[in-house]
Amino acid sequence: MQVTGKIVVVTGGANGIGRALCEAFHRAGATKVIVADVDGAGARAVAASVDGAAFKCDVGQEKDIRHVIEETEHQFGPIALFCSNAGIGGGFDPLSVNAGGTSDEPFAKSWAIHVMAHVYAARHLVPRFKARGEGYFLNTISAAGLLSQVGGAAYATTKHAAVGFAENLAISHKAHGIKVSILCPQGVDTDMLRSLPKGPQSGDGDLSPAQVAKDALEGIARETFLILPHLQVLTYMRNKTENYDRWIGGMAKIQAKLREDYEK
Ligand SMILES: NC(=O)c1ccc[n+]([C@@H]2O[C@H](COP(=O)([O-])OP(=O)(O)OC[C@H]3O[C@@H](n4cnc5c(N)ncnc54)[C@H](O)[C@@H]3O)[C@@H](O)[C@H]2O)c1
């Protein structure tokens, strides 16, 4: 799909990868870029820079997602592409003292933002996309949803669930003309990455948000399900499926090295 002449929504568009997506869609000639973010002032600033529109929205709340979709279609016209991109990096512990953590909080918050937000977007857009015989979901997930995230049990678990939901969304609605892509980078140089303990997510080098947005646009143009800005991830996925136990052993060595570094 080409975004030229299309209406596009980006959640988490006030910063980082989302902001770069908004800018790339605008440069590619999207008619209207809708910036939806819990940071209302940030969303308005990005919207102003791309001649778009802003919504303050918490993607973990169904009513907020429904409002963004209904108001966008009412004010501007049919949404062609909905990018569920908002995410959080809570609950990281490089020592991994206990993968189960000490409270539900990081799991519940990550579940709402990384998974239910994608479910709500589908719940309210699939009927519209089906009626039109077309529509596109781009879900920013992470290589952590395909491999894992050392020191980030809540992040890795919910990102895996996001991959699972996107697969099912694509399978359920291919026959209805609905397209789905998942964007799964490793380290990207954003506020989120800078707020986390340094770790193996940066092992293959951090990409700029602009580079990741460029890769996303190319992936959407090709209409491929899996968009991998770090190509190494494909090799790691192959290693994982080829020998799961060897892969767990390798990841555990990375965890051990991280513990050693942080305990120094
Ligand atoms: N930075 C990385 O290294 C990296 C790697 C892989 C995947 N990702 C994923 O990319 C996406 C974007 O991350 P980023 O690095 O640009 O982070 P970022 O912190 O720079 O930007 C995230 C944006 O999401 C918004 N947001 C957070 N919670 C929200 C909520 N409940 N409702 C609406 N908006 C909310 C924030 O206000 C912010 O504008 C996330 O899903 C993240 O998990 C990031």
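The values are calculated or read from the model by the stated rules, or taken from the named source; none is laboratory data. Predicted model only: the values in this text are computed from it and were never measured. Reconstructed Cβ throughout: ideal geometry from the backbone, glycine too, with neighbour counts over all protein chains shown.
Among all positions in the stretch 50-68, there is no residue which is surrounded by fewer than 21 Cβ atoms within 10 Å (Cβ to Cβ) and touching a Ser or Thr at 6+ places or on another chain (Cβ under 6 Å). Can you name the residue in the stretch 126-143 that is more than 16 Å from the ligand (Cβ to nearest atom) and buried (at least 22 other Cβ atoms within 10 Å of the Cβ) and, of all such residues, is farthest from CYS184 (Cα to Cα)? Restricting to residues being more than 16 Å from the ligand (Cβ to nearest atom) and buried (at least 22 other Cβ atoms within 10 Å of the Cβ), the top hit is PHE129.
Of the set (1) within 12 Å of the ligand (Cβ to nearest atom); (2) within 13 Å of GLY135 (Cβ to Cβ), all apply to ASP191 but (2).
The set of residues in the stretch 227-261 being among the hydroxyl-bearing types (Ser, Thr, Tyr) and either surrounded by fewer than 15 Cβ atoms within 10 Å (Cβ to Cβ) or over 26 Å from ASP93 (Cα atoms) (or both) consists of THR235, THR241, TYR244.
The condition (being aliphatic (A, V, I, L, M), more than 12 Å from the ligand (Cβ to nearest atom) and under 25 Å from LEU228 (Cβ atoms)) is satisfied by just one residue among LEU169, LEU146: LEU169. Of the numbered criteria (1) in contact with a strand residue (DSSP E or B) (Cβ under 9 Å, 6 or more places away or on another chain); (2) crowded, with 19+ Cβ neighbours inside 10 Å; (3) of a type in the set (S, T, N, Q), the one THR224 fails is (2).
Within the stretch 175-197, residues that are free of Cβ contacts under 8 Å to residues at least 24 places away in the same chain reach no partner that is part of a strand (DSSP E or B) and near the ligand (Cβ under 7 Å from one of its atoms) with beta carbons closer than 8 Å at six or more positions or on different chains.
For ASP204, the conditions (1) modelled with pLDDT of 95 or more; (2) in contact with a His (Cβ under 9 Å, 6 or more places away or on another chain); (3) within 12 Å of the ligand (Cβ to nearest atom) are fulfilled apart from (1). When the stretch 84-101 is limited to residues that are surrounded by 19 or more Cβ atoms within 10 Å (Cβ to Cβ) and modelled with pLDDT of 95 or more, the one that is farthest from the ligand (Cβ to nearest atom) turns out to be SER84. Report every pair of residues separated by at least 6 positions or lying on different chains whose Cβ atoms are under 7 Å apart, first residue within the stretch 242-253 and free of Cβ contacts under 8 Å to residues at least 60 places away in the same chain, second assigned to a helix (DSSP H, G or I). That search, which allows pairs on different chains as well, returns TRP247/ASN239; TRP247/LYS240.
GLY133: within 14 Å of the chain's Cα centre (by Cα) and touching a residue at least 12 places away in the same chain (Cβ under 8 Å), yes or no? Taking the combined requirement at face value, the residue does not satisfy it.
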